[in-house]
Amino acid sequence: MSIARFWRETPRRYNLGGSKCGRCGTVYFPPRAVCPACPHHRETLAQMAPFQLGGEGTVFSYTVVHEAAEGFEMQVPYVVALVKTVEGPILTGQVVDVDPASVRIGLSVRATFRKLREEGKAGVIHYGYKFAPVEPGNGSALPPRRTERAVASAPTGADRTTA
Ligand SMILES: [Zn+2]
């Protein structure tokens, strides 16, 4: 990504600034100019307002990445998840501060702003949101029972046969 494009996108990278439809209440991230959920979405053009997402949500789906993209080699294995925010939009991001093997669907996470990568000789450092687990204490403090876990983290589970 070019530096110019990165900085154009920076407000939402840092602030999770989305938009909310004043007619039906649907929240969008990235922000949208009109609301596709409303039947006459062109009429919502003047009703979309900036909306700040809180960054809290739950893991909706995830993948453990073992082969890193360029610039991410030091972080393998890492987890990329779809996180369903409490406001509704689903965000994609890396899950940090957690053993990849213990990430599970439904895990409560919160967006946190971290270094994404450094770029070459210029030393440009990009920051953006990642997700970290929310500390237990909101009801279910019991750790997950590993013996009962499904094979949700198996990346290629097609046609598996039992030995
Ligand atoms: Zn709407």
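Each reported figure results from applying straightforward, stated rules to the coordinates on display, with no laboratory input. Everything numeric in this text was worked out from a predicted model, so none of it was measured.
Quick look at the values:
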item: Segment Val86-Arg104, length gained on full extension (0.36 nm per residue, minus Cα span); result: 4.7 nm
item: Val65 long-range amide H proximity, modeled H, under 5 Å; result: Tyr78, Val79, Val80
item: Long-range HN-HN contacts of Gly22 with modeled amide H, under 5 Å; result: Met48, Ala49
item: Additional length obtainable on full extension of the chain from Phe113 to Met74, 0.36 nm per residue less Cα span; result: 12.2 nm
